[in-house]
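Shown next, in structure tokens, is the structure this report addresses.
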Amino acid sequence: MPSIKSLSCVLPKVKIENQSFFDFFPEDHIRSVENVVGVNKRYWSENETSLSLCCDAAELMFEDLDSKSIDIKSELDLLIFVTQTPDRLMPAIAYEAHSKLKLPAECACYSLNAGCTGFVEGIGLAFDLMQSRDYKNCLLLVGDTLSKHLDKQDPGAAPIFGDAGT
């Protein structure tokens, strides 16, 4: 039965606190979002991309596992990259991550376009492929840089969405 060995997350450098929206939206709206959704800060990318954030998170995970004498990188046979904000359309982002991370040549690559349900869909796909095709070790990368596509004047989206790579 597949299991999760490690998790890692990387956030962009720019932190946006809720107070920064008070000049653009009514404070009671921002407080309502904070109370209902629970978001009081988010991180927006400047130069970071979905690929760079996810690859940085993977490298941190590899370092952490290496410190525990677990060399998972050389044993990866499946890479799944889930994003709705790829850096470009072609080549598919999973192949770019495969190259950037210097993964084994035999490692299969899958790119999946998904948003809010992306992590759950990625976990499901990883499990299904590991069960049906007998893959042993999967690296699941999930990340987005939605801030690059947000209408920052939209009070229904700007105070909610942020960027990250896992």
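Reported count of residues in the range 1-14, each being open to solvent by 60 Å² or more (accessible area, probe 1.4 Å) and either closer than 18 Å to S45 by Cβ or touching a residue at least 60 places away in the same chain (Cβ under 8 Å) (or both), is 5. Only one entry in E48, E59, E17, E27 is touching a residue at least 40 places away in the same chain (Cβ under 8 Å) and open to solvent by 60 Å² or more (accessible area, probe 1.4 Å), namely E59. Of the residues that make up the range 68-89, is at least one surrounded by fewer than 14 Cβ atoms within 10 Å (Cβ to Cβ), among the hydrophobic types (A, V, I, L, M, F, W, C) and modelled with pLDDT under 95? Checking the range 68-89: at least one residue is surrounded by fewer than 14 Cβ atoms within 10 Å (Cβ to Cβ), among the hydrophobic types (A, V, I, L, M, F, W, C) and modelled with pLDDT under 95.
Of the residues in the range 108-124, not one is more than 14 Å from I4 (Cα to Cα), touching a residue at least 40 places away in the same chain (Cβ under 8 Å), of a type outside the set (V, I, T) and crowded, with 16+ Cβ neighbours inside 10 Å.
Each residue in the range 153-166 was checked for being open to solvent by 40 Å² or more (accessible area, probe 1.4 Å) and in contact (Cβ under 8 Å) with a residue 40 or more places away in the chain, and 5 pass. Of all the listed residues (D77, D28, D23), the sole one being within 29 Å of K136 (Cβ to Cβ) and of a type in the set (D, E) is D77. Selection of the range 32-43 for residues being touching a residue at least 12 places away in the same chain (Cβ under 8 Å) and open to solvent by 30 Å² or more (accessible area, probe 1.4 Å) yields E34, V37, N40, K41, Y43.
Just the residues that are under 24 Å from the mean Cα position of the chain (by Cα) and farther than 19 Å from T83 by Cβ, please, taken from the range 15-60. Steps first, answer last, please.
Our first condition is that a residue be under 24 Å from the mean Cα position of the chain (by Cα); within the range 15-60, this holds for 15-18, 33-34, 36-60.
Passing the criteria: K15, I16, E17, N18, V33, E34, V36, V37, G38, V39, N40, K41.
The values are calculated or read from the model by the stated rules, or taken from the named source; none is laboratory data. Just so it is clear, the model here is predicted, and its values are computed rather than measured. Heads up, the Cβs are rebuilt from the backbone with ideal geometry, glycines too, and the neighbour counts pull from every protein chain shown. Note: areas computed on protein heavy atoms with side chains; ligands, DNA, RNA excluded. Shrake-Rupley method; radii C 1.70, N 1.55, O 1.52, S 1.80 Å.
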